[in-house]
Amino acid sequence: MTRIRGLIPIVGAAVVAAVTVACAPVTVTSFTAREVQVSRYRTYDWGTVDTAVPGDPRLDNNLFFHDYLRGAIDRQLRSRGYEQTALTPDVRVHYHAGAAQRIYISGSEPTRERCGDCAVQVYDEGTVLIDLVDARTGALVWRGSAQTDLAGSVDDQARMEKTLERVVERILAKLPRRS
Amino acid sequence: MRRLPRVLLIGGLAAVTAGCLTLMPVGSHFQRGTDFTRYQTYAWGPADALPLSDQRLRDNPYFVDDVHGAIDREFQDRGLRRATSERADLFVHYHAAVTGRLEVESRTGRYRDCVGEECRGTVSDYDAGTLVIDVVDTRTQQLVWRGWAEHRLEDMLDEPPAVHRRVQDAVHRIMRTLPVTVQARARVVAPEVTP
């Protein structure tokens with residue numbers, strides 16, 4: 001029993017670490033072209049997609065990553081009322097993915113001369129950017145993007161898929177539902 | 001004495017964590033639903049335009065030889081036989097990419113509080129080498145598995161025996177992540193191909 005009680009902090013720390021990695025914050029931004037009502041578009045199709053992923057050789061031309069990302073975008077677009085068509089789509093969808101290292105300074109007062117418990121950390125930030133282009137005019141009408149800490153999610157396929165699903169859901173939540 | 005198992009456990013966890021995070025992170029992705037047991041032969045795939053993205057690796061003949069040899073050995077240990085490209089079930093090719101990376105030595109954990117200059121961590125940069133092995137189904141021309149390992153590039157440009165050891169280790173760790181079905185079949189098939 002003593003041994004089990006001794007393991008509790010270790011198991012607890014592992015669970016906290018796993019939850020932290022699985023739920024790394026996602027920063028989302030979106031832009032809509034002026035005087036464009038995106039919700040009036042009804043159908044979409046895929047535009048040309050560059051499978052290069054600058055900054056991460058593991059994902060560069062990685063079919064599994066791109067297939068999942070594309071599927072996640074399809075699912076979210078459908079759930080917001082947009083329909084895929086190969087005939088004459090209203091918009092074409094493109095995406096870009098990339099990765100870069102970032103430096104994060106944590107601590108209670110990191111911007112002042114004195115700080116308690118300051119720490120400098122380097123982490124891998126992944127970016128997914130989704131574009132909707134008017135198929136008739138070729139003009140960009142909507143762009144959504146998200147950044148999150150990759151924190152080991154690329155090395156584990158299931159975790160990568162969960163991360164992609166969450167990121168795409170957060171990005172496309174900014175896209176107006178079809179009216 | 002009763003504390004010993006816990007100390008060993010924590011020490012073990014720390015060693016594993018350090019090994020995963022700083023020494024050689026390894027990972028892989030595979031095509032779900034693929035029956036890997038039906039693959040019996042492989043061949044080196046058509047030469048990639050740029051299998052080695054860095055001049056320092058391209059100029060190092062030991063590295064190229066070691067990677068080829070290690071991959072051949074790992075496949076054969078798993079019961080896969082090398083065949084001509086016309087008869088092979090799988091094509092194998094690899095890429096070695098080099099990426100500039102940063103690392104920080106932070107003071108957290110040693111000092112709870114710091115003032116001015118003391119607060120600054122040490123930031124340094126280094127080149128990380130990523131060895132990526134791709135396995136393609138020759139019939140469908142689809143990628144069915146990709147595995148990789150990352151390591152400091154400087155260690156891959158060392159003396160030939162050191163490069164040899166590190167490449168062997170990297171390829172072995174990558175290939176350990178092949179789907180279980182391939183490895184399970186290897187135990188049956190391996191004795192038949194052993195001379």
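The values are calculated or read from the model by the stated rules, or taken from the named source; none is laboratory data. Small disclaimer: the values here were computed from a predicted structure and weren't measured. Virtual Cβ from ideal backbone geometry, glycine too; neighbours counted across all protein chains shown. The accessibility values were calculated without ligands, DNA or RNA, using every heavy atom of the protein model including side chains. Shrake-Rupley method; radii C 1.70, N 1.55, O 1.52, S 1.80 Å.
Here is how the numbers come out for the structure above:
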read-out	value
Accessible area that becomes buried as B packs against A, both chains, 1.4 Å probe, Å², nearest 100	2800 Å²
19 Å cut-off, amide nitrogen to a point 7 angstrom out along residue B:101 Cα→Cβ, residues in the stretch B:155-173	B:155-158, B:163, B:166-173
From phi via Karplus (6.51, -1.76, 1.60), per-residue ³J(HN,Hα) for the stretch B:61-69 in Hz, x at Gly/Pro	x, 5, 4, 4, 4, 5, 5, 4, x
Amide H contacts under 5 Å for residue A:56, placed H, 5+ residues apart	A:99
Proximal charge balance of residue A:37 [Cβ under 14 Å; K/R count +1, D/E count -1]	+2
Proximal charge balance of residue B:100 [Cβ under 9 Å; K/R count +1, D/E count -1]	-1
Inter-label distance, nm, simple model (7 Å from Cα along the C-beta direction), residue B:40/residue A:29	5.7 nm
5 angstrom amide H check on residue B:45, placed H, neighbours 5+ away	B:92, B:93
Residues whose placed amide H lies under 5 Å from that of residue B:138, excluding near-sequence neighbours	B:90, B:91
Per-residue SASA entry for residue B:84, accessible area with 1.4 Å probe, Å² rounded to 10	80 Å²
Karplus-derived 3J(HN,Hα), 6.51/-1.76/1.60, for each residue of the stretch B:155-166, Hz, glycine and proline x	6, 8, 10, 7, 5, x, x, 5, 4, 4, 4, 5
Solvent-accessible area lost in complex, 40 Å² minimum, residues of the stretch A:119-163 relative to chain alone, 1.4 Å	A:120, A:122, A:155, A:157
Formal net charge of residues neighbouring residue B:66 (Cβ-Cβ distance under 15 Å; K, R +1; D, E -1)	-2
